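Below is one structure. I have some questions about it.
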Amino acid sequence: MTKTLKEIIKNRLNKRKVLKERNDYPYPAKVKREQSLAEVLNSFTKLEKEEKLLEVAGRLMSRREHGKLTFGELYDGTATMQIVFREDSMGKAAYERIGEFVDVGDFLSVEGTAFKTKRGEESIGVRKFKVITKSLRPLPEKWHGLKDVEQRYRKRYLDILMNEEARELFKKRSAVVSECRNFLEGENFIEVETPMLQMIPGGASAKPFETHLNALDLDMYLRIAPELYLKRLLVAGMPKVYELGRNFRNEGVDYSHNPEFTMLEFYWAYADYKEGMKLTEELIASVVKKVNGKSKIEYGGEEINIKTPFERIEFNELLQKHADINYDDYDMKTLKKKAKELGVEIKKKVHSKAEVADMIYKKYCLPKIQEPTFVIHHPSEMIPLAKPLEDRPGYAASIQLVIAGWELVKGYSELNDPVVQREFFEKQEKLRKSGDDEAQFMDEDFLEALEYGMPPAFGFGMGIDRLTAFLTGSNALREAILFPTMKPK
C-alpha cells in the first residue's frame, strides 16, 4: 500500500527521534570526509590496489536490496558512485540499521574500500556508515523527476539535484560569467561596484521598485541600471570600468523578462560605438567559443554561427524591410494608425513615436533576426543617454546585438554634453509627469558630474541571463535563472 506524504514524514521523524535517543544524532556538526567521490573515481585503480580505507560522504540517491547485500548510489556534488553494504563485512546488527533507519535522500558518511563488482562496476564496499542528515521528505522519483515546468522553477533545488541537464546549465552560466570577466580584464578593464540602493534611479527607461531607508528616513529605489554611477567613474579618470551585478525593474514577467536580472555593463573612455561594436564582437565570440567549445550553436532547431564580423543594419532599414515603414515619414498619430493596420496591439498609453516604432519592430523585425546582427542607429527618443549622430540628430549613435531573436546587447556613444543631457532629461521629466512611469528622472548630481567633464566614451550593457539562455538552448529566461520570480500559489 502506497504511503501518503504525511505518513512518510511521520515515519522519518520517528527514525530521527530514535537515532537521537540512541545518542546517534543525525545532524552532526563534524563529518568524516577525506575524499570526494570524483577523487575516488579518478584514482580508483590505485586505491583498489592499495586497499586504502576511504572516508566519503554524500546523499543516498537510490537503494536496492538483494538478500544480505544492499546497493546504493551516493552523490556528493562532484560525482555519483555505487556503495555496497554487505552483512558479512559489516556485521548483522550494523547491516540491519540500514533497513531500520536509512532512507533514499539521507546524507551518509561512509568508510570503506574500493572494489569492482562482478559486473565490473567501480564501487565502495562499506565497513561503517553514519546518517549525517536525515531527510524528512522523499525525493522525486529518479526516472521521472519534476515533469511540471513550474515545479522545476519553484523547487529549483530539486530540479538541480535530480536533473543532470539543469546542473550542466548552471555550470555553463557560471562559465559565462567567468569568461566575461576574463575577457574584460584581458582588455585592462577594472571591475567596480556601484550602489543598488539609489535616491534617483537612472540609466534605463524602466519602472523602478520603491523602498524606504528607515535610518535616514529616505525614500529610495532599487537600481534599474548602474550606468550613471559608472559614468561618474569616467569623470573620475578611470578609462575602462565594468560591473557585473543585479538590476531590478518593476515590469512584466515573460519569456525574455524577469523583474531582477544580471547585467554586465562596461564603459570605455575615448571609444565610440563603432569601436564598441568591434569589441562586442570579440567578447561574444570569445565567450561562446570558450564556454561552448565551438562557434556554432544549436538553437530552436537551427545552427547559428557566431562568426565575426557580425552583420550591421539600421533600425529604420529593418522597419522598411519587414513592415514597409519609413520612420521619418510618420508622426505619432499616423504611426499608431499604421501599427493598428499591422495588427500591433498597443495596450498601454504611449508617449512618443519611438515607442510605437519599437512595438512594431519587436513584432515584425526582431523574430526574423537569427544570425548575429547589430541593429544600429535607433531613434534618439528611444535612448536619451546616447549621443545623437552628427549628421542625423534624430537618430542615436547606438547598437543593439540580436541573435536568434534575443536582444542581447545594447550600447552607444555616451552623451557627454551636459547642456544637451539636461534637455533630454527635461523631456523625460515631462513624459514622466504625463504618466509615463518608465521615463527617466532628472538627476542633478549626475549632471553636475558631467559639468566637470566626461571624456567621449562607449557604453555597453548585456543581459547575462539572456546570453545563458541562448547558449543553453533555453526557450525562456526563467530556465537560465536559478530562482526566477514566481507568483505564489
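The values are calculated or read from the model by the stated rules, or taken from the named source; none is laboratory data. Fair warning: this is a prediction, and the values are worked out from it, not measured in the lab. No Cβ is skipped: glycine too gets one built from the backbone with ideal geometry, and neighbour counts run over all protein chains shown. Areas reflect the complete protein model, heavy atoms only, side chains present, ligands, DNA and RNA absent. Shrake-Rupley method; radii C 1.70, N 1.55, O 1.52, S 1.80 Å.
Would you mind finding the one in L139, L218 that is out of contact with any Ser or Thr (no Cβ under 8 Å at 6 or more places or on another chain) and buried (at least 17 other Cβ atoms within 10 Å of the Cβ)? Step through it out loud before you land on a result.
Working: L218 fails: buried (at least 17 other Cβ atoms within 10 Å of the Cβ).
Answer to the selection: L139.
Is there any pair linking a residue in segment 124-139 that is farther than 28 Å from Q151 by Cα to one that is assigned to a loop (DSSP other than H, G, I, E, B), with Cβ under 7 Å and at least six apart or on different chains, and which?
Close Cβ pairs (under 7 Å, with a partner that is assigned to a loop (DSSP other than H, G, I, E, B)) amount to V131/P26; V131/V102; V131/D106.
Within segment 167-187, restricting attention to residues that are farther than 18 Å from N292 by Cβ and without any contact (Cβ under 8 Å) to a residue 60 or more places away in the chain, which residue is least open to solvent (accessible area, probe 1.4 Å)? Walk me through how you get there before you give the answer.
Kept after step one, since they are farther than 18 Å from N292 by Cβ, are these residues of segment 167-187: 184-187.
The next check asks that each one be without any contact (Cβ under 8 Å) to a residue 60 or more places away in the chain; those that pass are 185-186.
Numbers: E185: 90, G186: 62 Å².
If we take residues in segment 167-187 being farther than 18 Å from N292 by Cβ and without any contact (Cβ under 8 Å) to a residue 60 or more places away in the chain, then G186 is least open to solvent (accessible area, probe 1.4 Å).
Taking T2 as the residue in question, decide whether it is open to solvent by 30 Å² or more (accessible area, probe 1.4 Å), touching a Leu at 6+ places or on another chain (Cβ under 9 Å) and over 14 Å from T133 (Cα atoms).
On the way: open to solvent by 30 Å² or more (accessible area, probe 1.4 Å): yes; touching a Leu at 6+ places or on another chain (Cβ under 9 Å): no; over 14 Å from T133 (Cα atoms): yes.
Judged against the criteria, T2 is not a match.
Which residue out of K52, K46, K92 is surrounded by fewer than 16 Cβ atoms within 10 Å (Cβ to Cβ), among the basic types (K, R) and modelled with pLDDT of 95 or more? Let's see the steps before the verdict.
Values: K52 fails: modelled with pLDDT of 95 or more; K92 fails: modelled with pLDDT of 95 or more.
After ruling out the rest, the residue left standing is K46.
Quick test for you: out of K333, K362, K349, pick the one residue that is in contact with an Asp or Glu (Cβ under 8 Å, 6 or more places away or on another chain) and either free of Cβ contacts under 8 Å to residues at least 24 places away in the same chain or part of a loop (DSSP other than H, G, I, E, B) (or both). Working first, answer last.
Working: K333 fails: in contact with an Asp or Glu (Cβ under 8 Å, 6 or more places away or on another chain); K362 fails: in contact with an Asp or Glu (Cβ under 8 Å, 6 or more places away or on another chain).
Answer to the check: K349.
Which of (1) over 36 Å from the mean Cα position of the chain (by Cα); (2) open to solvent by 50 Å² or more (accessible area, probe 1.4 Å); (3) among the polar types (S, T, N, Q) does T78 not meet, given it meets every other one?
So T78 meets the others, but not (1).
Let me ask something else about it. With respect to the numbered conditions (1) within 18 Å of Y25 (Cα to Cα); (2) open to solvent by 70 Å² or more (accessible area, probe 1.4 Å); (3) of a type in the set (V, I, T), which one is the sole condition not fulfilled by V131?
All conditions are met except number (2).
Name every residue in segment 399-422 that is over 22 Å from D465 (Cβ atoms) and part of a strand (DSSP E or B), in order of residue number. Explain how you work it out, then say what you get.
Pass one, segment 399-422, residues over 22 Å from D465 (Cβ atoms): 413-422.
Hits for segment 399-422 are S413, E414.
Moving on. When you scan segment 90-110, do you find a residue that is closer than 18 Å to F44 by Cα and of a type outside the set (D, E), even just one? Working first, answer last.
Here is the first cut: in segment 90-110, the residues closer than 18 Å to F44 by Cα are 110.
Filter again for of a type outside the set (D, E), leaving 110.
Looking for residues that are closer than 18 Å to F44 by Cα and of a type outside the set (D, E), one finds at least one in segment 90-110, hence yes.
Among the residues of segment 5-21, are any closer than 20 Å to P140 by Cβ, in contact with a strand residue (DSSP E or B) (Cβ under 6 Å, 6 or more places away or on another chain) and not in a loop (DSSP other than H, G, I, E, B)?
Scanning segment 5-21 turns up no residue that is closer than 20 Å to P140 by Cβ, in contact with a strand residue (DSSP E or B) (Cβ under 6 Å, 6 or more places away or on another chain) and not in a loop (DSSP other than H, G, I, E, B).
Here are the criteria: (1) of a type outside the set (S, T, N, Q); (2) within 26 Å of W268 (Cα to Cα); (3) in a helix (DSSP H, G or I). Tell me which single one G461 does not satisfy.
(3)
Would you please list the contacts, defined by Cβ atoms under 8 Å and residues six or more apart or on different chains, that run from a residue in segment 269-284 that is over 12 Å from F374 (Cβ atoms) to a residue that is of a type in the set (S, T, Y)?
D272/S413; E282/T308
Which residue pairs have Cβ atoms closer than 8 Å, lie 6 or more positions apart in sequence or on different chains, and pair a first residue in segment 75-100 that is assigned to a strand (DSSP E or B) with a second residue that is loosely packed, with under 15 Cβ neighbours inside 10 Å and basic (K, R)?
R86/K68
Here's another thing I want to ask about it. Just checking, which of V40, V31 is assigned to a helix (DSSP H, G or I) and either among the small types (G, A, S) or in contact (Cβ under 8 Å) with a residue 24 or more places away in the chain (or both)?
Values: V31 fails: assigned to a helix (DSSP H, G or I).
Matching residue, one of V40, V31: V40.
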